[in-house]
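The values are calculated or read from the model by the stated rules, or taken from the named source; none is laboratory data. The structure displayed is predicted, hence computed values, not measured ones. Here Cβ is always computed from backbone atoms with ideal geometry, including for glycine, and neighbour counts include all displayed protein chains.
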Amino acid sequence: MSNLDDLGVNPLEDTESEAALAYAKERRDNIRTFVRTSPDYYIRNFDKIGASSRFTPTFNLMAGIFGPVWFGARGLWSWALPFLILETLGFVQIARGLFGDLAADAMQRIASIEGTLELRRKQLAAAIESESDKIDVYRRTVESLEQNIGGIRAEADALAAQSPTIVMTGIVILLLVKAVQSIVANWALEARFSEWLSDRSIRSAMPSTHIVFSAVFMLLIVTAAMLHYSFPGRFSLLSHFPTDPDIRLTSIQGVEDFIAWCVRNSEAFFDGLTFGIRALLDALEVILVHTPWIVIASLIVLLTWLTAGIRTAIYSGAFLAYMGLLGFWEGAMTTLALLGTAACLSIVIGIPLGMFAARRPRFYAFIQPIMDFMQTMPAFVFMVPVIAFFGVGKPAAVVVTMIFGGTPVVRLTVLGLRGVPESVREAAISFGANKWYLLTKVDLPLASPSIRAGINQTIMLSLAMVVVASLIGAKGLGEDVLEALQYANVGQGILAGFSILFCAMILDRIVQGGRK
């Protein structure tokens with residue numbers, strides 16, 4: 001060691017330089033494998049880009065020439081599609097300026113007015129011949145129509161004169177997009193290369209099949225857009241989707257027949273379900289609506305105090321006083337009864353369903369599209385079959401509320417249970433925990449924050465359906481808001497809306513407590 005030091009050689013530095021050379025060689029080999037074409041060019045530019053943490057502009061001529069085709073062939077579709085839209089805009093402007101009939105709409109308007117003008121001229125001639133007292137009226141009408149035609153012709157001439165400007169605009173757009181593509185291409189590809197290093201399943205190189213697919217896709221999009229905007233109305237296939245009215249009528253009749261068949265063959269089931277919902281709803285209305293207000297208010301304030309603290313309890317008391325003094329007390333309690341029924345049923349069904357689906361990925365994959373449908377379908381759409389099965393009234397409003405607000409508790413129960421660390425579960429199993437103990441003492445306690453958040457979201461979404469549910473016979477605060485909408489009573493609508501907001505805040509604090 002001392003001899004090496006005397007000679008001025010540092011073994012540590014020599015080892016580090018060898019490691020750096022090996023890393024550089026491996027990086028160059030990886031770049032060659034990833035890009036396949038022009039490896040030296042990409043090695044040089046990737047090294048330049050990787051040397052800085054900020055955006056480093058470089059120039060890629062091929063990306064600028066072929067544009068979205070290059071990006072698509074490289075698998076950079078998140079870049080290819082925006083550039084395709086911008087390039088299509090440029091090509092459309094060029095085609096409109098060179099080949100398009102810019103005055104087509106104006107000439108159609110002139111043709112329509114000329115038909116009316118010809119009729120008015122005949123009426124004017126007949127009036128002159130018969131010496132009618134409407135001669136001046138017809139003459140003014142003819143003159144007005146002629147002036148309109150003259151103005152539209154001038155507008156058409158002005159539009160036709162804009163062709164060179166439109167062409168130049170398209171060229172400028174196209175050149176700017178090409179320049180941007182050339183500058184960002186290597187930077188985007190280097191980012192994809194970094195992802196490829198950690199995940200070799202990401203597509204690399206430029207397979208000929210992907211080049212052909214990208215080119216054909218881009219060509220179809222650009223051609224269709226250019227033909228449609230350059231020659232409006234000439235190609236009906238581009239303007240209107242090819243369909244037949246009989247398809248829609250047949251589909252409507254099929255859906256109606258199916259719903260009618262379901263109603264006929266499941267009447268007893270839905271009658272029983274309606275009876276159960278109504279029984280629970282009536283029980284909650286007896287508790288909340290018919291019990292003296294001072295009892296209910298005291299219980300709500302006490303419950304808020306125990307779960308969220310004295311300050312929140314004071315706020316809850318102020319909210320309840322607001323609703324009572326403005327005459328919304330009965331409506332608020334009716335709303336809470338409706339909400340409580342829908343939320344209780346959603347929670348009773350949702351939590352066990354989430355527990356069952358948490359350890360069964362296939363079952364969860366099956367019900368997930370159904371829950372997506374329930375959450376995304378507008379409420380006014382699924383109201384129609386609900387009314388067909390349950391009629392109009394509070395049970396139907398409860399079912400609609402459950403459909404819209406029942407999914408978060410399932411999703412977040414699954415999320416919470418899947419988030420329980422496997423090491424904790426394995427430790428409990430190793431100490432002899434059975435399935436029931438594992439569920440009640442390990443899984444549910446650790447997943448309780450997520451489950452509680454799901455309950456909270458279900459309650460909030462259910463409360464958001466208050467106004468919509470009033471359309472099918474639900475009473476409560478939603479009816480006050482709906483009445484305000486019908487009669488444009490701004491004051492009543494705002495005051496009732498605040499009452500709904502305060503109900504939501506009280507329930508949120510009770511459910512979340514001091515854990516927010």
(message) Step by step: first the residues of segment 186-227, then only those that are part of a helix (DSSP H, G or I) and among the acidic types (Asp, Glu), then the one that is farthest from residue 56 (Cα to Cα). Which residue is that?
(response) 195
(request) Specify the residue that is surrounded by the most Cβ atoms within 10 Å (Cβ to Cβ); the eligible residues are those in segment 298-326 that are within 15 Å of residue 496 (Cα to Cα) and of a type outside the set (A, V, I, L, M). (result) 319
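One line per residue, one yes/no per condition, for (1) out of contact with any helix residue (DSSP H, G or I) (no Cβ under 8 Å at 6 or more places or on another chain); (2) among the hydrophobic types (A, V, I, L, M, F, W, C); (3) in contact (Cβ under 8 Å) with a residue 40 or more places away in the chain; (4) farther than 18 Å from residue 197 by Cβ:
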position: 31; (1), (2), (3), (4): no, yes, yes, no
position: 35; (1), (2), (3), (4): no, yes, yes, no
position: 63; (1), (2), (3), (4): no, yes, yes, yes
position: 67; (1), (2), (3), (4): no, no, yes, yes
position: 72; (1), (2), (3), (4): no, no, yes, yes
(request) Sort out for me the helices (runs of 4 or more DSSP H) sitting completely within segment 402-516 that have 2 or more residues that are assigned by TED's automatic domain parsing to the domain that holds residue 337 and at pLDDT below 85. (result) 422-430, 444-464, 466-469, 477-486, 490-512
(request) Please state which one of 255, 222, 212, 216 is surrounded by 13 or more Cβ atoms within 10 Å (Cβ to Cβ) and of a type outside the set (Ser, Thr, Tyr). (result) 222
(request) Name, by its number, the condition in (1) under 29 Å from residue 72 (Cβ atoms); (2) surrounded by 14 or more Cβ atoms within 10 Å (Cβ to Cβ) that does not hold for residue 242. (result) (2)
(request) Mind listing just one residue for me: the one in segment 251-279 that is under 34 Å from the mean Cα position of the chain (by Cα) and charged (D, E, K, R) and, of those, nearest to residue 398 (Cα to Cα)? (result) 256
(message) For segment 21-49, give me each residue that is among the hydroxyl-bearing types (Ser, Thr, Tyr) and within 17 Å of residue 63 (Cα to Cα).
(response) 37, 38, 41, 42
(request) Considering only residues that are of a type in the set (Ser, Thr, Tyr) and exposed (fewer than 15 other Cβ atoms within 10 Å of the Cβ), look in segment 124-157 and name the one that is nearest to residue 108 (Cα to Cα). (result) 144
(request) Would you mention how many residues in segment 453-473 are surrounded by 19 or more Cβ atoms within 10 Å (Cβ to Cβ), under 13 Å from residue 405 (Cα atoms) and of a type outside the set (A, V, I, L, M)? (result) 4
(message) Please go through (1) more than 18 Å from residue 210 (Cα to Cα); (2) loosely packed, with under 13 Cβ neighbours inside 10 Å; (3) not hydrophobic (A, V, I, L, M, F, W, C) for residue 32 and return the number of the only condition it doesn't satisfy.
(response) (2)
(message) I'd like to check something: does segment 51-61 contain any residue that is in a helix (DSSP H, G or I), under 36 Å from the mean Cα position of the chain (by Cα) and at pLDDT 80 or above?
(response) no
(message) With the structure loaded, tell me whether residue 208 is under 30 Å from residue 92 (Cα atoms) and within 28 Å of the chain's Cα centre (by Cα) or whether it fails that test.
(response) no
(message) Taking the criterion of being crowded, with 20+ Cβ neighbours inside 10 Å, closer than 22 Å to residue 449 by Cα and over 24 Å from the mean Cα position of the chain (by Cα), would at least one residue in segment 408-417 satisfy it?
(response) yes
(message) Quick check on this structure: which one of 449, 445 is touching a residue at least 60 places away in the same chain (Cβ under 8 Å) and surrounded by fewer than 19 Cβ atoms within 10 Å (Cβ to Cβ)?
(response) 449
(request) Among the numbered conditions (1) touching a residue at least 60 places away in the same chain (Cβ under 8 Å); (2) of a type in the set (Gly, Ala, Ser); (3) outside any helix (DSSP H, G or I), tell me where residue 346 comes up short. (result) (3)
(request) Out of the residues in segment 418-442 that are of a type in the set (D, E, K, R) and over 30 Å from residue 510 (Cα atoms), state the one that is surrounded by the fewest Cβ atoms within 10 Å (Cβ to Cβ). (result) 422
(request) Output the residues belonging to segment 344-386 that are under 25 Å from the mean Cα position of the chain (by Cα) and within 30 Å of residue 293 (Cβ to Cβ). (result) 346
(message) Conditions first: (1) within 30 Å of residue 88 (Cα to Cα); (2) polar (S, T, N, Q); (3) not in a loop (DSSP other than H, G, I, E, B). Residue 243 passes all but one, so which condition is the exception?
(response) (3)
(message) Just the residues that are over 17 Å from residue 83 (Cβ atoms) and modelled with pLDDT under 90, please, taken from segment 197-222.
(response) 197, 198, 199, 200, 201, 202, 203, 204, 205, 207, 208, 209
